Amino acid sequence: MEPERPLDALNQARGKRVIVELKNQKQLIGTLKAFDIHINTVLDDAEEHENGQLKRKLGTTFIRGDTIVLISQAS
Amino acid sequence: MEPERPLDALNQARGKRVIVELKNQKQLIGTLKAFDIHINTVLDDAEEHENGQLKRKLGTTFIRGDTIVLISQAS
Amino acid sequence: MEPERPLDALNQARGKRVIVELKNQKQLIGTLKAFDIHINTVLDDAEEHENGQLKRKLGTTFIRGDTIVLISQAS
Amino acid sequence: MEPERPLDALNQARGKRVIVELKNQKQLIGTLKAFDIHINTVLDDAEEHENGQLKRKLGTTFIRGDTIVLISQAS
Amino acid sequence: MEPERPLDALNQARGKRVIVELKNQKQLIGTLKAFDIHINTVLDDAEEHENGQLKRKLGTTFIRGDTIVLISQAS
Amino acid sequence: MEPERPLDALNQARGKRVIVELKNQKQLIGTLKAFDIHINTVLDDAEEHENGQLKRKLGTTFIRGDTIVLISQAS
Amino acid sequence: MEPERPLDALNQARGKRVIVELKNQKQLIGTLKAFDIHINTVLDDAEEHENGQLKRKLGTTFIRGDTIVLISQAS
């Protein structure tokens with residue numbers, strides 16, 4: 001059995017609500033629609049949060065991969 | 001059916017009004033005219049906003065991809 | 001005998017509890033599930049620690065490799 | 001019809017007066033003479049501006065692409 | 001005779017005690033077990049030092065190459 | 001006629017006195033001896049200037065390209 | 001006659017005493033033993049200097065290329 005690869009794990013989060021943490025300290029929460037090998041990522045219904053507070057609703061949002069620290073599932 | 005890729009989502013925003021957030025905290029709002037795989041992006045009728053305020057009208061503007069944090073549709 | 005390569009060492013930590021230190025000073029502690037040549041890494045049951053204190057439980061978490069300083073085994 | 005690419009837009013600015021904004025906050029204003037895929041750029045009759053003020057005349061100037069935020073036409 | 005290459009010199013330090021200085025000002029001291037062309041490096045029995053003081057014992061540690069400033073032999 | 005490329009312009013400055021501005025705010029002034037596609041650059045008779053003042057004479061100096069902001073001719 | 005390339009100039013400094021300036025403001029002075037296309041560099045008998053003062057003797061030292069600003073000959 002092949003060891004799992006990181007993008008496989010990300011693939012399992014497609015269509016689910018995820019938290020994307022950015023290098024500029026902001027969090028985007030949205031539905032994971034697409035990503036590529038650079039981790040360029042598209043969220044649907046994205047919201048920007050800062051210090052746990054909703055700041056803005058962004059709708060469908062393209063995030064450049066190199067600004068991302070981590071992606072986890074929203075609880 | 002192929003899973004959607006991030007640049008497909010960006011492609012659907014061509015010709016529409018978008019917000020481009022930069023690593024230097026500025027926002028550019030303009031009509032998405034062109035982009036490439038590095039996310040180098042061209043906006044028509046671009047305006048620079050800072051803290052929600054219009055600072056400058058820039059006209060057609062080329063943005064180097066590595067300075068971009070995210071691109072979302074202007075509401 | 002081939003000299004060992006860094007990713008071999010990382011491979012031996014698969015399924016074990018590891019500490020991932022990030023460039024933004026945070027630590028993630030979790031079970032090493034997957035990694036690739038960019039050191040993009042997936043942890044299961046990840047917890048975010050800061051200054052030795054548990055801040056948040058994150059569950060399965062994808063970490064972009066270029067934000068990682070080091071990975072060691074949790075004691 | 002092929003969608004336009006970002007470098008096409010830049011190409012249309014050749015020979016015209018442009019504003020180049022740098023990551024170090026400075027602006028260079030000059031006549032766009034040449035650029036390449038890295039956005040390495042050459043301006044003729046370049047002037048350095050800071051906070052809207054002319055600081056220095058630089059003449060023909062080579063700018064390393066990775067220091068550039070955006071390029072727009074000078075009005 | 002071929003001029004020596006930097007990785008040859010690093011190779012001669014395999015199995016020896018080395019100091020790895022990181023961009024975040026920390027020092028890791030450990031036994032050099034493995035490295036690759038990106039300078040991703042594995043130390044055995046690694047210790048983290050800061051300002052000349054032992055802060056933590058880390059055991060076997062994977063260090064992402066792009067966080068490394070220099071590697072020298074521990075005296 | 002081929003449009004001129006940025007390295008052509010740099011090539012015309014070979015053997016001439018140039019100002020090299022670095023990301024760390026320093027200026028090096030010297031005779032442009034060599035450069036490559038990464039903009040790694042060698043100056044002969046280089047002098048380091050800071051805030052318009054001569055700080056040090058460096059002689060022949062190799063500059064790593066990714067530290068360079070711009071290169072213009074010294075007047 | 002081929003124009004000289006930057007690494008040729010560096011090659012002429014092999015075996016000589018050089019100053020290596022790092023992005024973290026430190027200077028390493030040592031005998032240039034080896035370098036590669038990334039400017040990964042090995043110095044023999046390296047000394048770390050800061051503000052013109054000897055801080056530490058490091059012996060043979062591997063320096064990751066991307067931390068280097070410039071290399072000049074020690075006078």
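The values are calculated or read from the model by the stated rules, or taken from the named source; none is laboratory data. Note that this is a predicted model, so its numbers are computed, not measured. Counting neighbours? That spans all protein chains shown, and the Cβs are built from the backbone with ideal geometry, glycine included. Side chains are part of the model used for accessible areas, which takes the heavy atoms of the whole protein and leaves out ligands, DNA and RNA. Shrake-Rupley method; radii C 1.70, N 1.55, O 1.52, S 1.80 Å.
Quick notes on this one:
- Applied to region E:64-71, the Karplus parametrisation 6.51 cos²θ - 1.76 cosθ + 1.60 on θ = phi - 60° returns per-residue 3J(HN,Hα) values of 6, x, 6, 9, 9, 8, 8, 10 Hz, with x for Gly and Pro.
- Residue pairs exceeding 29 angstrom between C-alpha atoms, taken from C:33/G:26; A:16/A:55; A:23/G:26: C:33/G:26.
- Here's the picture: charge each Lys and Arg Cβ at +1 and each Asp and Glu Cβ at -1 in chain F, and of F:18, F:34, F:49 the one pushed furthest to the positive end of that dipole is F:49.
- Once the Kirkwood radius over Cα pairs is known for the protein assembly as shown, the Stokes-Einstein relation at 4 °C and 1.567 mPa s delivers a diffusion coefficient of 52 µm²/s.
- Positive-end residue, the protein assembly as shown charge dipole about Cα centroid, Cβ charges, pick of D:63, D:74, B:65: D:74
- Rounded to the nearest 10 square angstrom, residue B:36 shows an accessible area of 30 square angstrom against a 1.4 Å probe.
- Mean residue ellipticity (222 nm) of chain E, computed from DSSP H runs ≥ 4 via -39,500 (n - 2.57), nearest 500: -2000 deg cm²/dmol
- Residues in region A:33-44 carry Karplus couplings, in order, of 9, 7, 7, 10, 5, 7, 6, 3, 9, 10, 10, 8 Hz; the curve used is 6.51 cos²θ - 1.76 cosθ + 1.60 with θ = phi - 60°, and Gly or Pro positions show x.
- Using the Stokes-Einstein relation with a Kirkwood hydrodynamic radius computed over Cα pairs, the translational diffusion coefficient of region G:1-72 at 25 °C and a viscosity of 0.890 mPa s comes to 199 µm²/s.
- The charge dipole of chain D, taken about its Cα centre with unit charges on the Cβ atoms of Lys, Arg (+1), Asp and Glu (-1) only, comes to about 260 debye.
- Region F:6-73, relative contact order in percent, only Cα pairs under 8 angstrom and at least six apart counted: 32 percent
- Charge tally in the Cβ shell below 12 Å around residue B:75, where Lys, Arg are +1 and Asp, Glu are -1, residue B:75 excluded: +4
- The rotation axis taking chain B to chain D passes closest to the C-beta of one chain B residue; that residue and the distance in whole Å read B:66, 8.
- Estimated inter-spin distance, residue A:4 and residue F:74, nm [label 7 Å along Cα→Cβ]: 6.0 nm
- Taking amide H atoms as placed 1.01 Å from N in the peptide plane, the amide H of residue E:56 lies under 5 Å from those of E:48, each 5 or more residues away in sequence or on another chain.
- The string of couplings for region A:11-16 from the Karplus curve (6.51, -1.76, 1.60, θ = phi - 60°) is 4, 5, 8, 3, x, 9 Hz, one whole number per residue in order, with x for Gly and Pro.
- Taking amide H as placed 1.01 Å from N in the peptide plane, residue C:69 has its amide H under 5 Å from the amide H of C:21, C:22, C:23, each at least 5 places away in sequence or on another chain.
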